[in-house]
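Heads up, the thing below is written out as structure tokens.
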Amino acid sequence: LQPASTPPLPNLEQLADFERGTLSRRVYWDDLVYQQELEKIFGRCWLFLGHESQLPKPGDFLTTYMAEDHVILVRQRDGSLKAFLNTCPHRGNRISFSDFGNARSFVCNYHGWSFGIDGALKGMAGQELFDASGMKSAEHGLHPVAQVASYKGLVFGNMDPNAPPLSEYLGDFRYYLDVMLDMDGQGTEFVGGPVKSVIHCNWKVPTENFIGDIYHALWTHDSAARAVLGGAVAEVYKDEHSFHVNHNGHGWEFNLDTVGNCATLGDKELRKYLYGIQPTVASRLGELRSKMIGAISSCSVFPNMSFLPGQNTFRVWQPRGPGRIELHTWTLVNKSAPQDIKERWRKGAMLTFSPSGIFEMDDGENFEFSTRTNAGFLTRQQNLYMGLGLGSRLQDTELPCNVYRNQVNEANQRAFYRRWLDLMQAQSWADVPVRDPNRLDESAFHHDAPQEAA
Ligand code: FES
Ligand code: FE
């Protein structure tokens, strides 16, 4: 028997057909696609690094991944944040083996080179033993991540010095992110975490699940919800208050009449808390967004960060090859929330979305088989369907971004792959098309604008 020949990588435009709502199964398992993603998606996009609250003091640091690149994020003496590759420029050893801590310098285990928190090479062990006269120390510091920036507590890094600023990258999607990050002007923080686990799936499968797939929840999670939470996981709506919204590949699905429903996790105190702060949210963000807090909804920020409002699980799907991810999760809470409420949320997130969580296990199995089955020789040549809700875009709406009706829709999955394909085909950011030019005024994102403060 001759081994089956692997079909060559098709033209990228053959991977998705947005008119018919189809997607090639190759995007989930093909290593050639994955290698291009490392360069064109993860090498260009703003990637979540950490939360400001994790690094309050100079020298506070954490280590994390930007796709396969391991990085150190560290608070500088002037209060700014810098990020570096967590690898020694001498022989490439890992520099820091801690998840987080406070450091005055970083010292490599191998030959003892030391680096300041600004990344500069400060010292070399055993200097009396060698001649380093030909070496310019300034050229051998830790390699910096090109751009680091924050939006309301969330810190992102970008390897591409020519990438647009974070504010532009998030764009009008910040209108929705503020429902998660800016309910009362006091900010947010992580409780616990990161909780780490490995799932044998392609990184895009969970991102597209969280970007707007409430559809699966009423089926996949039904029995776990009834067994542990005492009822159906969620009521899902097809009415004038249900939407898919997306912008620049980010997406959010929600219903405006379900405040606290998703949040309860069977816990009435969480629901009471959300109803309690709703008037504050309304005065800060407006009536409409006050109806989104803790509602049945989910969101993803392109390419690999997701959040589940109400359950408050915050997660990054770190790719490890085309068929594996390392999942990092935290519980995100309002800084001003009472301690008891923070603790209830942390426990609720562990019950539902942790390696032993009832919903995580349901999802993990779906994610793994939605990846693995696509590698079959005949299977990989078939297309998948993501066309639910084609033609359901709303023209006259007060909501910003691209807005589609109904919670069950595949508009956000299509928008995610549209952005993915735009980036995969572009030679640089200058080639990436703008697909939703209607923009809110920039002042919409500064809730402490002078007229409010006056
Ligand atoms: Fe780091 Fe040699 S590899 S000091
Ligand atoms: Fe799920």
Report task. Express the relative contact order of the stretch 1-139 as a whole percentage, based on alpha carbon pairs under 8 Å and six or more residues apart in sequence. Result -> 12
**Report entry** Relative exposure of Ile95, Ile325, judged by other C-beta atoms within 10 Å (fewest first)
**Finding:** Ile95, Ile325
Report task. Kindly provide the pair-distance distribution of the stretch 108-229 built from C-alpha pairs, with 10 Å bins from 0 and whole-percent values in order of increasing distance. Result -> 9, 20, 28, 21, 14, 7, 2, 0
Query raised in the report: Where in the chain are the DSSP H helices whose alpha-carbon span along the long axis reaches 15 Å or more and whose Kyte-Doolittle mean is at least -0.5?
Result: 268-285
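Taking neighbour Cβ counts within 10 Å as the exposure measure, how do Met386, Met183 sort from fewest upward? Could you put the intermediate results ahead of the total?
Details: Met386 22, Met183 25.
So the ranking, lowest neighbour count to highest, is Met386, Met183.
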Requested in this report: Calculate the dipole size of the chain relative to its Cα centre from +1 charges on Lys and Arg beta carbons and -1 charges on Asp and Glu beta carbons; express the result in debye to the nearest 20.
Outcome: 760
Report summary line: Excluding residues fewer than 8 positions from Lys272 in its own chain, the lysines with Cα under 16 Å of it are Lys291, Lys342
Report summary line: Rounded to whole Å, √(5λ) for the Cα gyration tensor eigenvalues of the chain, largest first, gives 36, 29, 22
Report task. Enter the Cα centre distance for the pair the stretch 314-379 and the stretch 178-248, rounded to the nearest angstrom. Result -> 10
Report summary line: If unit charges are put on Cβ atoms (+1 for Lys and Arg, -1 for Asp and Glu) and the dipole of the chain is taken about its Cα centre, the option from Ser242, Ile296, Phe156 lying farthest towards the positive end turns out to be Phe156
Query raised in the report: With a 10 Å Cβ neighbour count serving as the proxy for reagent exposure, in which order, fewest first, do Thr188, Thr373 appear?
Result: Thr373, Thr188
Query - Protection-proxy order for peptides 408-417, 348-357, 390-399, each taking the mean of Cβ atoms within 10 Å per residue, highest first - result: 408-417, 348-357, 390-399
Requested in this report: Order these peptides, 145-152, 58-65, 16-23, by their mean beta-carbon neighbour count within 10 angstrom, highest first.
Outcome: 58-65, 145-152, 16-23
**Report entry** Net charge of Cβ neighbours under 14 Å - reference Gly43; Lys, Arg +1; Asp, Glu -1
**Finding:** -3
**Report entry** Sequence-separation-based contact order of the chain, relative, with Cα cut under 8 Å and 6+ spacing, percent
**Finding:** 20
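None of the figures in this text is laboratory data; all of them are computed from the coordinates on show. On a predicted model such as this, the values are computed, not experimentally measured, just so you know. In this analysis, Cβ positions are derived from the backbone assuming ideal geometry, glycine residues included, and neighbour counts consider all displayed protein chains.
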